[in-house]
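Novice: My structure is below; once you've seen it, I'll send some questions.
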Amino acid sequence: MQHDKEELPVLVVDDNPLNRDVLNTFLSSKGYRVEEAVTGLDALERVRIQSYCIILMDLLLPGLDGFETVREMRRMGIRTPIIAQSSLSFKQDRDQSIEAGCNDFIPKPIELRELLRVVKKHTFDSGQLVTKQPYVNGRDLRAEIPGQKILLVEEDDENAERYLQILTGAGADVVRVSNGGDAWRRIEESDWAYGIIVSNMFTSGIDGIGLLAMVKRHSPDLPVIIYASKYEHDSYQLAAKLGADGILPSSQVELSLIPVIESTFHKNGKTSSWVKDAATAFQVRQSQKELNRLGLPDTQCVDSASITLHDAGGDMAFCRELNGAGRHGIILIDVAGHDVVSSYLSAVSLGILTSLWDQIRDPMQFLTAMNTELLKLRSDRYHICVIALLWDQRRGLIHMAIAGNPGGIVVRKAPEGVLRMEVIEGGGMCLGMFPRDDLFVRETVALDEGDYLLLFSDGVDADRLCAVLRNKPSLLNRETVNGLSGELLDQLATGTRPADDMILLSLRQPSLLPETGLHFELEAKYEDVDRACIWVAEQLREYPAPSGHDVDFISLAIREALLNAVEHGSRKRPGARIDLSIYSEPERLRVDVSDEGKGFDLAAKLSSIDTIDPFTIGKRGLPLMRAAADRIETHGGTVSLLFFYKKTIREEK
């Protein structure tokens, strides 16, 4: 069919009014009908209800930038040629725009003759309007449709006949039903054998929205495409929140249905059968559920819960007890997106986390190292938000570094019983975006006994969470923190469907002072070791010497443990802390030296020790400790020296 240029609408997306005026005037003079959008969100609203022959996209838009706007258009199934226009003219910027889904690139300032050439190139081919315009590396995805089993939900016989012709013409195996109730029965009877659902939004009985909710609740990876005879903003937004894989007006079904299906297949990495991809996503999700529980200690002080909307996503939380002196390391990760790729990045993040966890205990250094590793993936479509913190329970201090996450809320109980809430703003640059570590946010929080710190992903609204706590302060009247996170998420989800995955970590500060024992804190430096040894000598005078032990020899063993903590555990890192604790127990004297290191395999170390070599600096520590103590135990970054009061126990060594 021949088209006149005057019939061809062009969308110009640019926040600069002068640029819009120039492009509007020029293209109008050439016979095109120009419409304008100032922001990415404005552009997305326009393409939902209007078709264009070409889109001119500025990349440097405020808020939702041009790259992400183009990606979202492609996710929606929009196949209109998109021409990037930007002052970003480096090769990597051009490549990034093409990877995002643009068909071409024009540098600013725009040369109008070149603009007209590019517009004609992408709208006409020998006078014919180009209606088939693949946007993913020029690949034609129509080969994915033949043989697919599709369930069509449409009451109107005339419309159903037209849509059946479109789908069967593309090679699909189509079954048509009239409403959502019939569709649900078909789906269950077929044992979920359909590869995709296409439904009118408004049908009798169970409508398209109800069917969408039922399908996504039971099988979130089964694609559902919704269309409607009229545009209703609230209905469209609800369908999007429920996880519709495509939403389009009825007027665009004949033109856009096949491209939307193709886009859905591509978005979900469909290279073979949908069943295979769904199984992959399900396995990833189940694995994430298991991993999300790993590391969270069975304690009265830490609790977590999550609500995930789809079978693929990336919210994870990990907590590890670092040593016996009350230090915990906690990581919360939020990967944007709800598809297999986001799950893959979650798994990659988990791998990076576990490889770095035992090497780096400083939160800021941890984020820097993790950012370096994620940059190697070159995945600009997904952002990764992280909170990393070191919780020193004994002193009531939490040191945290934040990359893109919203932060948290500190909840304190005032004397009169009123809750005082302090919001930690969070922010900072997401990981995997830029090779810079000066854009992360550092925070230190001091907690008193009974105070709470709530950490969460951006799916949790901080204001609503504060409102829940004000309305139900009794939620915090509990003996342990266990179960608190789940109760709070239930309150947040009541009456509304979450717009995104939610994960919540609840921390409660225990008693600041240990009930027993004597404690000394030092920095990981040699002069502090000398001060600690003087303190040890003073304290040991107060305890009866364990049978068969010399106090000086005990002091020497403790000194070696402290030197080991400085040199190996804390690696002489400035600011690293070491805790020295002495406990007089009924049958033994126990000395704990806790550092910020990962600890070591005691059995492997002991098996390599034959004799004490007092003249070899750096290698006599463990042999000397072994010779002096009745028993040595390790727990993460804590080394315990045990001296028994009964000599018979020593002889069992």
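Novice: Rounded to the nearest 0.05, what FRET efficiency do residue 420 and residue 598 have when you use their Cβ-Cβ distance and R0 = 45 Å?
Specialist: My answer for the efficiency is 0.75.
Novice: Given a Förster radius of 41 Å and the C-beta distance between residue 26 and residue 95 as r, what FRET efficiency does 1/(1 + (r/R0)^6) yield to the nearest 0.05?
Specialist: 0.90
Novice: If I stretch the segment between residue 525 and residue 493 completely, what's the gain in nm (0.36 nm per residue apart, minus their alpha carbon distance), one decimal?
Specialist: Taking 0.36 nm per residue and subtracting the Cα distance, the gain is 6.5 nm.
Novice: Could you give the nm distance between label points at residue 173 and residue 436, where each point is 7 Å from its Cα heading toward the beta carbon?
Specialist: About 5.5 nm separates the two model spin labels.
Novice: Same structure, new question: Mind ranking 558-570, 157-169 by how tightly packed they are, going by the mean number of other C-beta atoms within 10 angstrom, highest first? It would help to have the intermediate numbers written out before the result.
Specialist: Working: 558-570: 22.2, 157-169: 14.5.
Final packing ranking: 558-570, 157-169.
Novice: Tell me the relative contact order for segment 402-494 as a rounded percent, counting alpha carbon contacts under 8 Å between residues six or more apart.
Specialist: Relative contact order for segment 402-494 comes out at 30 percent.
Novice: Only sites in a loop by DSSP and with at most 12 other Cβ atoms within 10 Å count here; which trypsin sites (Lys or Arg not before Pro) in segment 360-464 make the cut?
Specialist: In loop regions of segment 360-464 (DSSP not H, G, I, E or B), the sparsely surrounded trypsin sites (Lys or Arg not before Pro) are 376, 378, 436.
Novice: A further question on this structure: In square angstrom, rounded to the nearest 10, how much accessible surface does residue 470 have for a 1.4 Å probe?
Specialist: Here the residue's solvent-accessible area equals roughly 150 Å².
Novice: With a 1.4 Å probe and every protein chain left in place, tell me how much accessible area residue 525 has, in Å² to the nearest 10.
Specialist: 70 Å²
Novice: Right, something else. Within a Cβ distance under 13 Å of residue 42, other residues only, what is the Lys/Arg minus Asp/Glu net charge?
Specialist: Its environment carries a net charge of -4.
Novice: Within 10 Å, count the other beta carbons around each residue, average over each peptide in 16-24, 202-210, and list them highest first.
Specialist: Numbers: 16-24: 15.2, 202-210: 18.7.
So the order, starting with the most tightly packed, is 202-210, 16-24.
Novice: May I pose another question? Given the pairs 149/216; 376/572; 30/108, which span a C-alpha to C-alpha distance of over 27 angstrom in this model? Walk me through the intermediate numbers first.
Specialist: On the way: 149/216 18 Å; 376/572 30 Å; 30/108 20 Å.
Cα-Cα > 27 Å for 376/572; rest within.
Novice: What is the gain in length, in nm to one decimal, between residue 117 and residue 449 on full extension, counting 0.36 nm per residue of separation less the C-alpha to C-alpha distance?
Specialist: Result: 112.5 nm gained on full extension.
Novice: Would you please classify the overall shape of segment 381-440 from the alpha carbon gyration tensor, given that a ≥ b ≥ c denote the square roots of the eigenvalues, rounded means a/c under 1.5, and beyond that prolate means a/b larger than b/c while oblate covers the rest?
Specialist: prolate
Novice: Can you compute log10 of I(q)/I(0) for segment 412-492 with the Debye formula, treating each Cα as one identical point scatterer, at q = 0.14 Å⁻¹?
Specialist: Normalising to I(0) and taking log10 leaves -0.59.
The values are calculated or read from the model by the stated rules, or taken from the named source; none is laboratory data. These numbers come from a predicted model, not from an experiment. For neighbour counting, all protein chains shown are included, and Cβ atoms are generated from backbone atoms with ideal geometry for every residue, glycine included. Quick note on the areas: whole protein, heavy atoms, side chains included, nothing else; ligands and nucleic acids left out. Shrake-Rupley method; radii C 1.70, N 1.55, O 1.52, S 1.80 Å.
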